[in-house]
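Engineer: Below is one structure. I have some questions about it.
Read-outs: derived from the displayed coordinates by stated rules, not from any lab. These figures come from a predicted structure and were not determined experimentally. We place every Cβ from the backbone using ideal geometry, glycine too, and count neighbours over all the protein chains shown.
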Amino acid sequence: MRDRLNVSLPVEMISQINDLAIRRRLTRSAIVEAAVASFLSPDGADRMEAAFTRRLDRLTRQVQRLERNSGISTEAFALFVRFWLTITPPLPDDGQASAQAKGRERYEGFIETLGRRLNQGRSFLDEIPKDLIRAESSADDDEPKNDGRR
């Protein structure tokens, strides 16, 4: 049994329904019925929820990577500052001007290097695993080889 339902839709949507009906050789009622059935289908809601869950999971992993990278950067910077403050001797008053000039020169070099690395897409955080692998392989090379003899 079927019952009639009159709905009001935007003119643009009715035009799209008409175009689809002509292309698919279906009635407008069949198209609207399929759209409403799809909307009301629990499977459609489950699919949307699953897609939403996958997106949230991906965003969660991205935020976790950002937190990890931020933590590594903060820790590396803090260690550098502690080391620098610990080993840097105070400057005599007559050496302040030359030290400031040298500091400005080094800072400009640092900024240029940083800009180049960022433009190339290179990152310190990307190099950490490579440095660890190199350090482990060189440590393996330094260990005496056991050839089975005593």
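Engineer: Could you check the spin-label model distance between Asp43 and Arg23? Points 7 Å from the Cα along Cα→Cβ, value in nm.
Structural biologist: Going by the 7 Å Cα→Cβ label model, 2.3 nm.
Engineer: So if each residue of separation counts as 0.36 nm, and I subtract the Cα-Cα distance between Arg61 and Ala101, what length gain in nm does that give? Let's see the in-between values first.
Structural biologist: On the way: separation 40, 0.36 × 40 = 14.40 nm, distance 4.47 nm.
My answer for the length gained is 9.9 nm.
Engineer: Nearest 20 debye, what's the magnitude of the dipole of the chain about its Cα centre given +1 on Lys and Arg Cβ and -1 on Asp and Glu Cβ? Could you put the intermediate results ahead of the total?
Structural biologist: Details: 25 positive and 24 negative charges, 174 e Å.
In debye, rounded to 20, the chain gives about 840.
Engineer: Using a Gaussian network model of the chain with C-alpha springs under 10 Å, which one of Glu136, Glu75, Glu127 is most mobile by mean-square fluctuation?
Structural biologist: The residue with the greatest mean-square fluctuation here is Glu136.
Engineer: A further question follows. Can you compute the radius of gyration and Dmax for the chain, using only the Cα atoms, both in Å?
Structural biologist: Cα only, the chain: 33.0, 101 Å (Rg, Dmax).
Engineer: Taking neighbour counts of Cβ atoms within 10 Å as a proxy for exposure, in what order, fewest first, do Ile87, Ile22, Ile17, Ile72 appear?
Structural biologist: Details: Ile87 7, Ile22 10, Ile17 17, Ile72 13.
Final ranking by Cβ density, sparse to dense: Ile87, Ile22, Ile72, Ile17.
Engineer: Go ahead and run the numbers for FRET between Phe124 and Asp94, Cβ-Cβ distance against an R0 of 35 Å, rounding to 0.05. Present the calculation step by step, with values, prior to reporting the outcome.
Structural biologist: On the way: r = 37 Å, r/R0 = 1.05.
With a Förster radius of 35 Å, E is 0.45.
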